[in-house]
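The values are calculated or read from the model by the stated rules, or taken from the named source; none is laboratory data. Note that the coordinates shown come from a computational prediction; the quantities given were computed from them, not determined experimentally. Here the Cβ positions follow ideal geometry from the backbone for every residue, glycine too, while neighbour counts run over all protein chains shown.
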Amino acid sequence: MTIRDRFSRLSRLGASLALALTASITNLRADDMTAEQKQPCGSPAALDDGWSIASPDSVGMDGERLCGIAARLNLRSTEVHSVVVARHGKLVFEQYFTGLDQPWGQPEGRTEFTATTKHDMRSATKSVTALLVGIAIDRKLIASAVEPVVKFFPEHQSVKSAGWDAITLHHLLTMSSGIQWDETLSWNDPNNDEPHLAFDADPIGYVLSKPIIAPPDTLWTYNGGGTDLLGNIIEQVSGKSLESFARETLFEPLGITDFEWKTYKNGKIAAASGLRLRPRDAAKIGQLVLDHGRWREQQVVPALWMDQSIMPHFQAVGYFGGTLFYGHQWWIGRSLVAGKEVKWVGAFGWGGQRIIIVPDLDVVMMTTAAQYGQPKEGLAAMDILANIIIPAVRDAR
């Protein structure tokens, strides 16, 4: 046998041993893997929190395509913390990431997010406050959405600006009150109205003292001050804190037990931005909207109120290129998928918090992120919605 023949034989023997060793290690790893590790990508955790859990394929979605979400997010180097997807009322996908976060009232730092980690909802809180207004009206605590705002603040008659008598709850809900308001400026800019909600001793007085620059129903301006007025009104008519009213009338029926509703530095509850929820609990809010105010067999929010809330009332001028409409603290938009427009309804929170409902496809998507102050915050959520989640629906109606 020549040296070349011996070398060839040894090479074949070595390759055979390597294959056998690889197979052995693979089998060992498979045996050592936990049940959770063996689950398909994005399989929701079984938390007994009210969600029915199903595989994507069982509800007509492409599970393999959904597994490409993480790779798609990496293309944009985003600080996305979670993605949750539900279809036909069942939770079918959830994925969590480790990333930098700026939680309300806590130092900035890296967090390993899981299915049980609460996250700031920021301005998606506004949409929840609007649901509570509908519940209060249904319970006869408030006569209707056309009640004048000043009726609830007689102690502020001396500070309210001329024109406030014509402003109703409806105008606050649709951000069409016509008051002078700007919260697009830097937080440290003295002309930014939003910090006054957090630091003024009388933030209600501050809002009511703002001048009216246009008649109601004629000018849309993004305004968290109006939402804080709505939260205060709920507290007045219910005789409870906004947090307690929300717990009893909305969160308990939805099986949401782990939440926070933060307060400002002045001690006032942040009705426009202070809610913290688990992402899969936030997705329940989306499912509630999709089902016209129902969760399982219970009508939690009146169906008529829900339908009015997601009806376009105004063009959201100046936001996202003016391509969005606005309802009762809910955004209404559309995505272009395979040459077709797909309509959706959303709750938007600063930094990339998104609850998106796609009624025609019976789909809910929820994302959390830390894209605070980024010029294209929230872009990642809309990207995976249009390029992965909606296309993953196989039996689109």
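General remarks:
- Taking every residue in segment 330-345 that is surrounded by 13 or more Cβ atoms within 10 Å (Cβ to Cβ) and pairing it with any residue that is part of a loop (DSSP other than H, G, I, E, B) and among the aromatic types (Phe, Trp, Tyr), at least 6 positions away or on another chain, the pairs with Cβ-Cβ distances below 9 Å are 331/319; 345/330.
- Residue check, residue 300 touching a Pro at 6+ places or on another chain (Cβ under 6 Å), crowded, with 19+ Cβ neighbours inside 10 Å, under 17 Å from residue 128 (Cα atoms) and in the same structural domain as residue 318 (by TED's automatic domain parsing): yes
- Within segment 298-336, tally of residues that are at pLDDT 95 or above, part of a loop (DSSP other than H, G, I, E, B) and farther than 26 Å from residue 391 by Cβ: 8
- Selection from segment 244-280 of residues that are surrounded by fewer than 22 Cβ atoms within 10 Å (Cβ to Cβ), assigned to a helix (DSSP H, G or I) and of a type in the set (D, E, K, R): 247, 248, 252
- Every condition in (1) in contact (Cβ under 8 Å) with a residue 60 or more places away in the chain; (2) over 30 Å from residue 297 (Cβ atoms); (3) of a type in the set (Val, Ile, Thr) holds for residue 213 except the one numbered (1).
- Looking only at residues in segment 224-243 that are in contact with a strand residue (DSSP E or B) (Cβ under 8 Å, 6 or more places away or on another chain) and within 17 Å of residue 208 (Cα to Cα), the one that is surrounded by the fewest Cβ atoms within 10 Å (Cβ to Cβ) is 225.
- Taking segment 343-377 as the range and being hydroxyl-bearing (Ser, Thr, Tyr) and either at pLDDT 95 or above or touching a Ser or Thr at 6+ places or on another chain (Cβ under 7 Å) (or both) as the test, the residues that pass are 367, 368.
So that you can scan it fast, the table gives a plain yes or no per residue for (1) out of contact with any Leu (no Cβ under 7 Å at 6 or more places or on another chain); (2) in a loop (DSSP other than H, G, I, E, B); (3) in contact (Cβ under 8 Å) with a residue 40 or more places away in the chain:
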site: 191; (1), (2), (3): no, yes, no
site: 207; (1), (2), (3): no, no, no
site: 229; (1), (2), (3): no, no, yes
site: 236; (1), (2), (3): yes, no, yes
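- The set of residues from segment 308-348 being touching a Lys or Arg at 6+ places or on another chain (Cβ under 9 Å) and over 23 Å from residue 282 (Cα atoms) comprises 323, 341.
- Residues located in segment 208-234, provided they are among the aliphatic types (A, V, I, L, M) and touching an Asp or Glu at 6+ places or on another chain (Cβ under 7 Å): none
- Just one residue in the set 347, 380 is assigned to a strand (DSSP E or B) and touching a strand residue (DSSP E or B) at 6+ places or on another chain (Cβ under 8 Å); that residue is 347.
- Any hit, segment 282-290, residues being assigned by TED's automatic domain parsing to the domain that holds residue 163 and over 26 Å from residue 103 (Cβ atoms): no
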